[in-house]
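One structure below.
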Amino acid sequence: MNLEDCIRLDRLDDLSGMRQEFQIPDHVIYLDGNSLGPLPHIVRERVQNTVINEWGKDLITSWNHHDWINLPMTVGEKISKLIGAAPGQVICADSVSVNLFKVLASALALRADRHVILSTHDNFPTDLYMAQGLSTLKDNRCQLETVEPENLFEALTESVAVLMLTEVDFRTGQRWNMREVNTAAHKAGALVIWDLSHSAGAIPVYLDDTEADFAVGCGYKYLNGGPGAPAFVYVAHQHQQVEQPLAGWMGHANPFDFSRDYEPAADIRRFSSGTPGIIGLSALDAAMDLWLNIDTESVQRKSVSLARVMKERLSEDKVFSEISLIGPGPGPEGGSQIAFQHEHAYAIVQALIERGVIGDFRTPDIIRFGLCPLFLSHVDIFQAMDVLAEVLPNGIYREKRFQTRSFVT
Ligand SMILES: *Cc1c(COP(=O)(O)O)cnc(C)c1O
């Protein structure tokens, strides 16, 4: 694989036009869109408009005039198309963590005779924490059990009420077969909650078709909604009559009746709680318009193609023998990221960042690169590998300034 091959691949790439939609600083190769998507130009304009005109000039009338009140549903519908959900099942609200709390409680209510929330040891910590927190509530008899991924199917016993999994592992990029898991869980009488934080906008997802029950996901990673963007929650139509415990006025059937008793909205709105953050939601709404003409199958094809550049460089050049690939990489068994192990992973990532190649480190020893197909080219990947080839053999990363860890890694 040489630079000319990459230039040719970029010429054939039907997503190559999307890069100009983003503000990416010169001399930066951004391999971290899976942690914080870069800023789309359309988002910058939209946020300005929301602040200056809608809030600044139209004030409170904007709730009706600019339809702020329906924005959680509007954005939810746009996200639905990326995750294989028919209309009326997705709402945009709160964080992934808070949404997990709601759907965990709902799923447990639907399986009142069972008490176990089953997950994996390696699930994203906040997912496990939310289940732990829920189990401490008074009179709540639920209990979190975690297993190694390879033991998951045998752990689906009669006491399991709900299986909670992250479809694509945030460290290794390993991906579950959603259809196989949903079928096995249902056969065992359990419901399934999927965390799509590393799936939405990264790979094709078919929630309805695979008969998923609930899902949550992140707005600030592959969806490019901005730091701390609101998350989303999917509840399959057949479960929408269940109540969720974070009953707030925005989930009420008639919030402006100001009635004393809670009466949940008849539809997915009952999964909202308080007033949505309109500035953040506007940003995500605008970012979702970038996906209007993009199908997720072509996104995945491009991830695979970008990963191929990386993998070929890896096998062709001995300088890379120090790092080892972990996980499957993009494809039917992986997400849109690639990960390597090295005992000095943290320092290597810092040395790369200093040279304009931004990836991230995940404890204890993982170098992780997000191969986001909307704004990365094959040439970017080729050049990033050049930089890695420069950093590795000379032990540059051993310099002291690359060793001190910041709070956020
Ligand atoms: C990023 C991420 C989250 C984020 O949760 P928040 O509550 O929105 O901060 C949750 N789960 C997974 C798997 C993630 O990757």
Fill in the blank from the handout: Filtering the range 102-128 down to residues that are within 15 Å of the ligand (Cβ to nearest atom), part of a helix (DSSP H, G or I) and surrounded by 21 or more Cβ atoms within 10 Å (Cβ to Cβ) yields LYS102, VAL103, LEU104, ASP127
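Would it be correct to say that ALA161 is at pLDDT 95 or above and either farther than 30 Å from GLN300 by Cβ or in contact with a His (Cβ under 6 Å, 6 or more places away or on another chain) (or both)? Spell out the reasoning first.
Values: at pLDDT 95 or above: yes; either farther than 30 Å from GLN300 by Cβ or in contact with a His (Cβ under 6 Å, 6 or more places away or on another chain) (or both): yes.
Spelling it out, ALA161 is indeed at pLDDT 95 or above and either farther than 30 Å from GLN300 by Cβ or in contact with a His (Cβ under 6 Å, 6 or more places away or on another chain) (or both).
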Problem - Residue satisfying condition, being surrounded by 24 or more Cβ atoms within 10 Å (Cβ to Cβ) and within 16 Å of the ligand (Cβ to nearest atom), within set LEU196, LEU246, LEU191 - result: LEU196
Practice task
For ALA86, work out the one condition from (1) aliphatic (A, V, I, L, M); (2) away from the ligand (no atom under 16 Å from the Cβ); (3) touching a Leu at 6+ places or on another chain (Cβ under 7 Å) it doesn't fulfil.
Solution key: (3)
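Residues are listed down the side, and each one gets a yes or a no for (1) among the polar types (S, T, N, Q); (2) surrounded by fewer than 20 Cβ atoms within 10 Å (Cβ to Cβ); (3) touching a strand residue (DSSP E or B) at 6+ places or on another chain (Cβ under 6 Å):
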position: LEU137; (1), (2), (3): no, yes, no
position: LEU156; (1), (2), (3): no, no, no
position: ARG175; (1), (2), (3): no, no, yes
position: GLN241; (1), (2), (3): yes, yes, no
Practice task
Give PHE340, PHE361 a once-over and let me know the one that is in a strand (DSSP E or B) and more than 25 Å from LEU39 (Cβ to Cβ).
Solution key: PHE340
Practice task
Could you please let me know if ASP122 is charged (D, E, K, R), touching a Pro at 6+ places or on another chain (Cβ under 8 Å), under 18 Å from SER197 (Cβ atoms) and in contact (Cβ under 8 Å) with a residue 12 or more places away in the chain?
Solution key: yes
Fill in the blank from the handout: When (1) over 19 Å from PRO87 (Cα atoms); (2) buried (at least 24 other Cβ atoms within 10 Å of the Cβ); (3) more than 20 Å from the chain's Cα centre (by Cα) are applied to ASN254, the one that fails is (2)
Handout entry: Residue pairs meeting the criteria (Cβ under 8 Å; at least 6 apart or on separate chains; first loosely packed, with under 14 Cβ neighbours inside 10 Å, in the range 51-79; second charged (D, E, K, R) and not in a helix (DSSP H, G or I))
Key = HIS65/ASP58
Handout entry: Residues of the range 284-324 classified as exposed (fewer than 15 other Cβ atoms within 10 Å of the Cβ), touching a residue at least 12 places away in the same chain (Cβ under 8 Å), assigned to a helix (DSSP H, G or I) and polar (S, T, N, Q), total
Key = 1
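Assess whether ALA286 counts as being away from the ligand (no atom under 16 Å from the Cβ) and within 30 Å of ARG111 (Cα to Cα).
Numbers: away from the ligand (no atom under 16 Å from the Cβ): yes; within 30 Å of ARG111 (Cα to Cα): no.
For ALA286, the condition - away from the ligand (no atom under 16 Å from the Cβ) and within 30 Å of ARG111 (Cα to Cα) - is not met.
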Problem - The listed residue being crowded, with 20+ Cβ neighbours inside 10 Å, within 14 Å of the ligand (Cβ to nearest atom) and not acidic (Asp, Glu), out of ALA131, ALA161 - result: ALA131
Exercise for the section: Can you tell me which residue within the range 216-240, out of those that are aromatic (Phe, Trp, Tyr) and assigned to a loop (DSSP other than H, G, I, E, B), is farthest from the ligand (Cβ to nearest atom)? Expected result: TYR222
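The values are calculated or read from the model by the stated rules, or taken from the named source; none is laboratory data. Just so we're clear, the structure is a prediction, and the values are computed from it rather than from any experiment. For neighbour counting, all protein chains shown are included, and Cβ atoms are generated from backbone atoms with ideal geometry for every residue, glycine included.
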